[in-house]
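Everything on this sheet refers to the single structure shown next.
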């Protein structure tokens with residue numbers, strides 16, 4: 001199993017929206033590195049949902065319910081999407097400031113490259129963020 005974090009502007013599509021829909025196609029990714037990470041996602045992988053913009057916090061769980069397929073919103077077949085299934089909300093959001101303050105999370109892409117919207121996490125990083133949100 002692999003572990004991931006995806007980012008979304010809550011004004012565009014919030015975790016509450018996601019939970020109401022129960023699942024969504026994660027489309028619109030137009031960064032090559034993020035696209036490659038989408039390609040690596042497997043059914044059953046665990047995913048953390050991060051609100052970007054003003055909130056800047058990890059807010060909930062999801063899982064990959066369908067691995068990579070062509071992104072229907074793209075004009076080029078090289079772009080892909082995955083289907084995500086919504087999970088529970090965190091007991092409390094984990095802010096970007098808290099993530100940055102935790103030395104064990106200093107190497108994650110959320111800290112090193114805040115512009116990328118899909119990123120891998122190790123199991124230890126995933127578990128630590130989950131613990132912080134408990």
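The values are calculated or read from the model by the stated rules, or taken from the named source; none is laboratory data. This is a predicted model, so every value here is computed, not measured. With ideal geometry, Cβ positions are generated from the backbone for all residues, glycine too; neighbour counts draw on all protein chains shown.
Do you know which residues across region 10-20 are closer than 19 Å to residue 115 by Cβ and either in contact with a helix residue (DSSP H, G or I) (Cβ under 6 Å, 6 or more places away or on another chain) or exposed (fewer than 15 other Cβ atoms within 10 Å of the Cβ) (or both)? It would help to see each step written out before you state the result.
Of region 10-20, the ones closer than 19 Å to residue 115 by Cβ are 10-13.
Once the filter is applied, which keeps residues that are closer than 19 Å to residue 115 by Cβ and either in contact with a helix residue (DSSP H, G or I) (Cβ under 6 Å, 6 or more places away or on another chain) or exposed (fewer than 15 other Cβ atoms within 10 Å of the Cβ) (or both), region 10-20 yields 11, 12.
Condition check: in contact (Cβ under 8 Å) with a residue 40 or more places away in the chain and either within 23 Å of residue 30 (Cα to Cα) or not in a loop (DSSP other than H, G, I, E, B) (or both). Does residue 134 satisfy that?
Numbers: in contact (Cβ under 8 Å) with a residue 40 or more places away in the chain: yes; either within 23 Å of residue 30 (Cα to Cα) or not in a loop (DSSP other than H, G, I, E, B) (or both): no.
The answer is no for residue 134.
Could you list, in sequence order, the residues of region 36-53 that are modelled with pLDDT of 95 or more and either over 22 Å from residue 108 (Cβ atoms) or not in a strand (DSSP E or B) (or both)?
Filtering region 36-53 down to residues modelled with pLDDT of 95 or more leaves 36-52.
Matches in region 36-53: 36, 37, 38, 39, 40, 41, 42, 43, 44, 45, 52.
Which residues, taken from region 54-69, are farther than 20 Å from residue 20 by Cβ and in a strand (DSSP E or B)?
Filtering region 54-69 down to residues farther than 20 Å from residue 20 by Cβ leaves 54, 56, 67-69.
Those that are farther than 20 Å from residue 20 by Cβ and in a strand (DSSP E or B): 67, 68, 69.
Residue-by-condition table, conditions (1) closer than 14 Å to residue 129 by Cα; (2) surrounded by fewer than 16 Cβ atoms within 10 Å (Cβ to Cβ); (3) out of contact with any strand residue (DSSP E or B) (no Cβ under 9 Å at 6 or more places or on another chain):
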residue: 8; (1), (2), (3): no, no, no
residue: 22; (1), (2), (3): no, yes, no
residue: 26; (1), (2), (3): no, no, no
residue: 52; (1), (2), (3): no, no, no
residue: 65; (1), (2), (3): no, no, no
residue: 68; (1), (2), (3): no, no, no
residue: 93; (1), (2), (3): yes, no, no
residue: 106; (1), (2), (3): yes, yes, yes
residue: 117; (1), (2), (3): no, no, no
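Mind listing whichever residues of region 70-84 are assigned to a strand (DSSP E or B) and either free of Cβ contacts under 8 Å to residues at least 60 places away in the same chain or surrounded by fewer than 16 Cβ atoms within 10 Å (Cβ to Cβ) (or both)? Quick ask: steps written out before the conclusion?
Step one: list which residues in region 70-84 are assigned to a strand (DSSP E or B), which gives 70, 80-84.
Result: 70, 80, 81, 82.
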